[in-house]
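Read through the structure below, which is laid out as structure tokens, and then see the notes.
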Amino acid sequence: MEIGFLGLGIMGKAMSINLLKHGFKVTVWNRTLSKCDEIVEHGASVGETPAAVVKKCKYTIAMLSDPSAALSVVFDKDGVLEQIKGKGYIDMSTVDAETSIKISEAIKAKGGDFLEAPVSGSKKPAEDGQLVILAAGHKALYEEALPAFDVIGKKSFFLGEVGDGAKMKLVVNMVMGSMMNAFSEGLTLAEKSGLNPGTLLDVLDLGAISNGMFKLKGPSMLKKSYAPAFPLKHQQKDMRLALALGDENAVPMPVAAAANEAFKKARSLGLGDLDFSAVHETLK
Ligand SMILES: NC(=O)C1=CN([C@@H]2O[C@H](COP(=O)(O)OP(=O)(O)OC[C@H]3O[C@@H](n4cnc5c(N)ncnc54)[C@H](OP(=O)(O)O)[C@@H]3O)[C@@H](O)[C@H]2O)C=CC1
Ligand SMILES: O=CCCC(=O)O
């Protein structure tokens, strides 16, 4: 199966290399074209534009930063729409339902098929093919994409209409961003009140709120080490989009709203390109 891949950031790079390792032919494109070089070393071909990639491949995956990037790659000159007739397009970026529906409708109108498939899991799960895929849209395209999803992820969900995958992803990341802030306050409170925060990590890990994120991020947060796996600017984008979903549905979300403010503060301190756990620094 020949697959196109648009967007070679932290996630796209890991996912496309993983596909290549499992025998897929992959043609890549990235806005900053030089980022294609490393993937070429793993056996990929390069397309000069998104349209060129779609023209070459029956299926194209996108993994882009935000709604504006996702829209630009589809609608701009030399974009996906120009060659999508008879092809499948799978957008795995985290965006809002409105963006996803807009892309879906334009692709369908041009005779292509569309699936949204945002993912849960970060850099390491992407490298290890252990993501959780939250797909929705064209069911037949979902089934055709399963061999690739089985390489990229450990579990795929088909959630229904376009927009439902985007919403599920935003709900998950809203919970994650809120938890990160509570965790960060807990670490700071332990330290400032004279406790050993390392011991707090051990205590948390043995109780009912033990979880993978605390286990993974806790030790590096104590070392103030924030190499980006999930960039903070993307987490804040997800909080913003989740809060908009809350507005639409009249769901009060005071905890998420406070967490969003903390991520905004972190961005204002220039921490947006660091890992989202760098929100910890806003308490210093
Ligand atoms: N990192 C993570 O842990 C996870 C991230 N996600 C989501 O996946 C998506 C990608 O994340 P990640 O890889 O971390 O992000 P990165 O910031 O590492 O990469 C972003 C990618 O989007 C491209 N891009 C940005 N703006 C544009 C534009 N206007 N036109 C074309 N391309 C553009 C970048 O190109 P360029 O190189 O030229 O800047 C780059 O390829 C995001 O939606 C994120 O929320 C989902 C799950 C986990
Ligand atoms: O969107 C990013 C999610 C990161 C994660 O699930 O660990």
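Read the figures in this text as sums done on the coordinates, not as results from a lab. Treat the numbers as computed from the prediction; the structure is a model and nothing was measured. Cβ: placed from backbone, ideal geometry, glycine included. Neighbour counts: every protein chain shown.
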### Summary
Expected output for the range 93-120 (first residue within 15 Å of Ser68 (Cβ to Cβ) and of a type in the set (Gly, Ala, Ser), partner away from ligand 2 (no atom under 16 Å from the Cβ) and outside any helix (DSSP H, G or I), Cβ below 7 Å, 6+ apart or cross-chain) is Ser100/Val162; Ser100/Gly163
### Task
Among what's in the range 136-170 and is within 14 Å of ligand 1 (Cβ to nearest atom) and hydrophobic (A, V, I, L, M, F, W, C), pick the residue that is nearest to Met253 (Cα to Cα).
Leu170
### Task
Identify, from the list Ala227, Ala250, Ala182, Ala258, the residue that is among the aliphatic types (A, V, I, L, M), within 16 Å of ligand 1 (Cβ to nearest atom) and within 29 Å of Ser93 (Cα to Cα).
Ala227
### Query
Can you tell me which of Ala126, Ala136, Ala148 is closer than 20 Å to Leu170 by Cβ and away from ligand 2 (no atom under 16 Å from the Cβ)?
Ala136
### Task
Kindly check whether there is at least one residue in the range 232-241 that is more than 12 Å from ligand 1 (Cβ to nearest atom), among the aliphatic types (A, V, I, L, M), surrounded by 15 or more Cβ atoms within 10 Å (Cβ to Cβ) and touching a residue at least 12 places away in the same chain (Cβ under 8 Å).
no
### Message
Just to be sure before I move on: is Gly270 among the small types (Gly, Ala, Ser), loosely packed, with under 15 Cβ neighbours inside 10 Å, more than 16 Å from ligand 2 (Cβ to nearest atom) and under 30 Å from Ala69 (Cα atoms) in the structure I sent?
### Response
yes
### Complete set of residues in the range 6-21 that are more than 11 Å from ligand 1 (Cβ to nearest atom) and basic (Lys, Arg)
Lys21
### Query
Within the range 149-181, can you find the residues that are within 19 Å of Ile3 (Cα to Cα) and over 17 Å from the mean Cα position of the chain (by Cα)?
Asp150
### Residues within the range 25-58 that are among the β-branched types (Val, Ile, Thr) and either within 17 Å of Ile90 (Cβ to Cβ) or in contact with a Cys (Cβ under 6 Å, 6 or more places away or on another chain) (or both), tallied
6
### Query
Within the range 191-212, is there a residue that is of a type outside the set (Phe, Trp, Tyr), within 22 Å of Ile61 (Cα to Cα) and away from ligand 1 (no atom under 12 Å from the Cβ)?
no
### Task
Confirm whether Asn181 is crowded, with 16+ Cβ neighbours inside 10 Å and either within 16 Å of ligand 2 (Cβ to nearest atom) or closer than 23 Å to Thr282 by Cβ (or both).
yes
### Message
Can you tell me which condition Gly86 does not meet? The list is (1) touching a residue at least 12 places away in the same chain (Cβ under 8 Å); (2) touching a helix residue (DSSP H, G or I) at 6+ places or on another chain (Cβ under 9 Å), and all the others hold.
### Response
(2)
### Residue in the range 93-111 that is farthest from ligand 1 (Cβ to nearest atom), counting only those that are more than 19 Å from Gln235 (Cα to Cα) and surrounded by fewer than 20 Cβ atoms within 10 Å (Cβ to Cβ)
Gly111
